[in-house]
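Visitor: This is the structure I have questions about; it appears just below.
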Amino acid sequence: MPILPRQRDLFPADLLDADRPPAVAAGRWIAFYTLSRREKDLMRKLEAACIPFYAPLVRRRLKSPGGRTRDSHVPLFPGYVFSLVDDDQRRAALATNTVARWLPIGDAEALVADLRGIRRLIEADHPLTPEARIEPGQPVRVRTGALRGLEGTVIRRHGGQRLVVAVRFLNQGASVELEDVDLERL
């Protein structure tokens, strides 16, 4: 089976923009937890129904036994698709037969801020490492480069410094390798 081209992971394109007008009172952020390996299927169905969503996809390089290198795009948070919906849109998403359950988001502003940070990391095209659990550490801000102004937590991993941007709702995040000179303490 061929690897499909990269699909859209954000709909509409301005969903996470800071200057986007506040959502209508009926809309709220929720997280859909999908059936196994059905995130992209749900994303295609949400886009077809014009339901806003974000499910960050990251590039993964795979080598075949014959030596060919192939790129695929996989969910950064397997099983989760974040969506801004009203009750009718939520019911429509549940009717797609791709959702196992849905989870309400308590602090929508914090979630959107976290998702903006994740999106900036992905757009900077640095190699990302999914982090299953966020460990406590020193909060920092990036001082230079494409990620300037991004805040996160530093963890040590295999002798290097890694900046972690967390999605607090999931207690998960992504990390990128940075030098100490690029970071400042908060």
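Visitor: How much net charge surrounds Met43 when only other residues with a Cβ under 12 Å from its Cβ are counted (Lys, Arg +1; Asp, Glu -1)?
Guide: Computed value for this residue: +2.
Visitor: A further question follows. May I ask you to compute the full-extension gain from Asn97 to Ala13, defined as 0.36 nm times their residue separation minus their alpha-carbon distance, rounded to one decimal in nm?
Guide: Between Asn97 and Ala13, full extension yields 27.7 nm more.
Visitor: Moving on to the next point. In debye to the nearest 20, how big a dipole does the chain give about its Cα centre with +1 on each Lys and Arg Cβ and -1 on each Asp and Glu Cβ?
Guide: 800
Visitor: While we're looking at this one, here's another question. Which one, Leu16, Leu115, Leu42, has the greatest fluctuation when you compute a Gaussian network model over the chain with C-alpha springs under 10 angstrom?
Guide: The residue with the greatest mean-square fluctuation here is Leu16.
Visitor: Now, a different point. Once fully extended, how much extra length lies between Asp182 and Glu47, figured as 0.36 nm per residue of separation less the alpha-carbon to alpha-carbon distance?
Guide: Length difference between fully extended and current span is 44.8 nm.
Visitor: Could you list Trp102, Trp29 so that the one with the fewest beta carbons within 10 Å of its beta carbon is first and the one with the most is last?
Guide: Trp102, Trp29
Visitor: Then there is this: What number comes out for the charge environment of Ser83, summing +1 per Lys or Arg and -1 per Asp or Glu over other residues with Cβ under 13 Å away?
Guide: Combined, the nearby Lys, Arg, Asp and Glu give -2.
Visitor: Still on this model: Name the helices (complete DSSP H segments) of the chain with a Cα length along the long axis of 18 Å or more and a Kyte-Doolittle mean of at least -1.0, or state none. Provide the component values of the computation, followed by the final result.
Guide: Numbers: long enough: 108-123 (22 Å, 0.35).
Both cut-offs are met by 108-123.
Visitor: Could you work out the local net charge near Pro139, counting Lys and Arg as +1, Asp and Glu as -1, over the other residues with Cβ closer than 12 Å to its Cβ?
Guide: Values: positive: Arg141, Arg185; negative: Glu151, Glu184.
Spelling it out: positives minus negatives among the neighbours equals 0.
Visitor: Could you give the length gained on full extension between Asp125 and Asn171, defined as 0.36 nm per residue of separation minus the Cα-Cα distance, in nm?
Guide: Contour length minus the Cα-Cα distance gives 14.3 nm.
Visitor: P(r) tail for the chain, what percent of Cα pairs lie past 25 Å? Intermediate values should be presented prior to the final figure.
Guide: Working: 6593 of 17205 pairs.
Distances greater than 25 Å cover 38 percent of the Cα pairs.
Visitor: Let me have the relative contact order for the chain, percent, based on Cα pairs under 8 Å that are six or more residues apart.
Guide: Values: 322 pairs, mean separation 37.0, N = 186.
The value is 20 percent.
Visitor: Have a look at region 1-105 and give its Rg and Dmax from the Cα atoms, expressed in angstrom.
Guide: Looking at region 1-105, its Cα Rg and Dmax stand at 15.2, 54 Å.
Only the coordinates and a few stated rules stand behind these numbers; no lab work does. The shown structure was predicted, so the numbers you read here are calculated from the model rather than taken from an experiment. Quick reminder, even Gly has a Cβ in these numbers, built from the backbone with ideal geometry, and neighbours come from all protein chains shown.
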